[in-house]
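So the structure is just underneath, and the comments pick up after that.
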Amino acid sequence: MPDTERMTVDERRKCLKRMQRRYLAASREERSRLLDDLAALTGLHRYSVVRLLQGSTLERQPRRGQRGRVYGAAVDDALRVIWESLDYVCAERLTPALVETARQLARHGELAVTPDLLEQLGRISVATVQRRLTRLGQDTCRLPRRGPKRANQVARAIPMQRIPWDIAEPGHFEVDLVHHSGPSTSGDYVHTLQMIDVATGWSERVAVLGRSQRAMEAGFRQILARLPFRVVELHPDNGPEFLNHHLVRIWGEEITGLRLSRSRPYHKNDNRFVEQKNDTLVRAYLGQARLDTAEQCVALNALYDRLWVYYNLFQPVLHLIEKIPTGTRVRRRWDDAATPYARLLATKSLEPTVRERLETLYATTNPRALRRAIQQDLDALLFPRPHLIVPAEPTPAPTPAAPARAAS
């Protein structure tokens with residue numbers, strides 16, 4: 001019978017106790033058949049079954065005397081040396097390696113072994129080793145080990161979900177961070193903090209140097225000061241640069257009624273809108289270049305100020321309006337292309353003063369000249385020629401006094 005199916009001592013005694021009255025009242029032939037069945041069921045010899053059934057009691061009796069020690073101090077000393085040599089592994093890993101490790105240590109003069117000691121180390125059980133390691137561990141000074149990485153306690157309190165693709169209310173932002181480290185991630189370098197509104201396609205970008213709490217806070221404050229409509233929800237990934245006590249506190253102070261959600265770990269498609277814009281609005285311009293100076297961060301923010309006007313006011317975007325399942329595939333339908341500015345006006349969620357400022361900015365901006373200025377700023381950032389650099393014209397101030405606190 002396999003060990004996993006073998007009865008325990010208590011189970012055997014319980015079974016025999018139930019069958020004892022039937023055994024004593026049976027005939028000779030019935031007893032013989034009953035003994036065969038009980039021997040097969042319990043795994044005991046027939047004579048053992050007979051002795052137990054004919055006894056006065058089947059209750060387990062206390063041991064009359066304690067067993068003597070099988071393994072002496074020599075085994076304990078050897079276990080201590082071998083355990084330390086193998087970096088205090090568990091008994092299940094240590095026991096099979098006891099003999100070979102003892103011989104190896106003996107060859108190097110670390111342990112004195114005898115044939116009797118090797119024989120005892122070869123037959124000692126895992127349970128016995130575990131008991132002795134428990135006692136030896138009380139007097140052992142181990143090197144501290146770093147345990148598993150502690151889960152982000154802030155993230156645990158934030159629900160995992162996706163912003164629905166067909167949401168109509170503006171203010172639900174997917175958030176992500178684009179690294180401009182080049183081929184090496186050593187040291188501090190520039191990151192692009194990007195937010196994309198799912199309903200309108202409105203995009204916000206700001207460059208930050210490093211991912212410290214102070215840099216990330218400054219980046220979010222810059223976006224909130226420029227955003228022309230309220231923030232209802234922020235949906236970042238699980239990065240600690242987003243999910244930490246400081247930023248959660250800042251969001252709660254700056255945005256009334258803000259709802260936080262996060263994507264599932266290792267599911268980048270939960271942030272599908274911002275991931276797409278990371279490619280078209282950031283990588284398409286900057287590629288994989290490394291940006292790691294304060295001057296480059298300032299220049300990139302100047303470029304993003306122009307892109308803020310260019311993409312939000314003049315670049316039409318498509319919006320998914322329907323998904324049609326067709327067998328194993330899904331057909332998608334989009335609406336007519338419109339700029340995020342036009343989509344935002346259609347929601348009628350802007351305050352009159354903010355709407356007037358955006359309309360004025362739209363009417364006074366030449367998109368072709370703005371595109372040329374963007375290209376010049378990009379060339380100066382990626383291919384600097386100090387002796388030819390001419391100070392750029394001031395960027396139109398894209399700050400329409402955003403009401404970012406009204407998300408109640």
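Candidates in segment 215-228 are the residues that are in contact with a helix residue (DSSP H, G or I) (Cβ under 9 Å, 6 or more places away or on another chain) and in a helix (DSSP H, G or I); of these, the one that is surrounded by the most Cβ atoms within 10 Å (Cβ to Cβ) is Phe220. Only one entry of Tyr189, Tyr266 meets the criterion of being under 22 Å from the mean Cα position of the chain (by Cα), over 22 Å from Ser349 (Cα atoms) and of a type in the set (Phe, Trp, Tyr), and that entry is Tyr266. Take Ala127 and tell me if it is more than 47 Å from the chain's Cα centre (by Cα) and hydrophobic (A, V, I, L, M, F, W, C). In short, no.
If a residue has to be in a helix (DSSP H, G or I) and of a type in the set (A, V, I, L, M) to count, how many in segment 247-264 make the cut? Residues flagged as in a helix (DSSP H, G or I) and of a type in the set (A, V, I, L, M) within segment 247-264 amount to 3. Scanning segment 164-211 for residues that are without any contact (Cβ under 8 Å) to a residue 40 or more places away in the chain and of a type in the set (Asp, Glu) turns up nothing. Whenever a residue of segment 32-54 is under 16 Å from Lys14 (Cβ atoms) and in the same structural domain as Asp10 (by TED's automatic domain parsing), its partners that are surrounded by fewer than 16 Cβ atoms within 10 Å (Cβ to Cβ) and among the charged types (D, E, K, R), lying with C-beta atoms within less than 7 angstrom and at least six residues away or across chains, give the pairs Gly43/Arg6. Take the conditions (1) in the same structural domain as Gln288 (by TED's automatic domain parsing); (2) modelled with pLDDT of 85 or more; Ala157 misses just one of them, which is (2). Checked against (1) surrounded by fewer than 24 Cβ atoms within 10 Å (Cβ to Cβ); (2) within 18 Å of Ser263 (Cβ to Cβ), Tyr189 passes all but a single condition, namely (2). Residues that are among the small types (Gly, Ala, Ser) and buried (at least 17 other Cβ atoms within 10 Å of the Cβ) within segment 91-108 comprise Ala91, Ala102, listed in sequence order.
For Val231, the conditions (1) part of a helix (DSSP H, G or I); (2) surrounded by 21 or more Cβ atoms within 10 Å (Cβ to Cβ) all hold with the exception of (1). Number of residues in segment 178-199 that are more than 26 Å from Glu322 (Cα to Cα), among the β-branched types (Val, Ile, Thr) and part of a loop (DSSP other than H, G, I, E, B) equals 1. Screening Gly68 against (1) under 30 Å from Arg103 (Cα atoms); (2) touching a residue at least 12 places away in the same chain (Cβ under 8 Å) leaves a single unmet condition, (2). Only residues that are assigned to a strand (DSSP E or B) and either touching a Gly at 6+ places or on another chain (Cβ under 7 Å) or surrounded by fewer than 20 Cβ atoms within 10 Å (Cβ to Cβ) (or both) were counted in segment 155-177, giving 2.
Pairs meeting the criteria (first residue in segment 282-310 and closer than 19 Å to Ala218 by Cα, second residue in a loop (DSSP other than H, G, I, E, B) and hydroxyl-bearing (Ser, Thr, Tyr), beta carbons under 8 Å, at least 6 apart or on different chains) are Leu291/Tyr189; Asp292/Tyr189; Ala302/Thr395; Asp305/Thr395.
Are any of the residues in segment 286-297 surrounded by 21 or more Cβ atoms within 10 Å (Cβ to Cβ), small (Gly, Ala, Ser) and outside any helix (DSSP H, G or I)? Looking through segment 286-297, none of the residues is surrounded by 21 or more Cβ atoms within 10 Å (Cβ to Cβ), small (Gly, Ala, Ser) and outside any helix (DSSP H, G or I).
For segment 38-88, a residue qualifies if it is exposed (fewer than 12 other Cβ atoms within 10 Å of the Cβ), modelled with pLDDT of 85 or more and under 27 Å from Arg6 (Cβ atoms), and the qualifying residues are Ala40, His45, Tyr47, Arg51.
The values are calculated or read from the model by the stated rules, or taken from the named source; none is laboratory data. Source: prediction; values computed, not measured. Glycine gets a Cβ as well: all are built from the backbone with ideal geometry, and neighbour counts include every protein chain shown.
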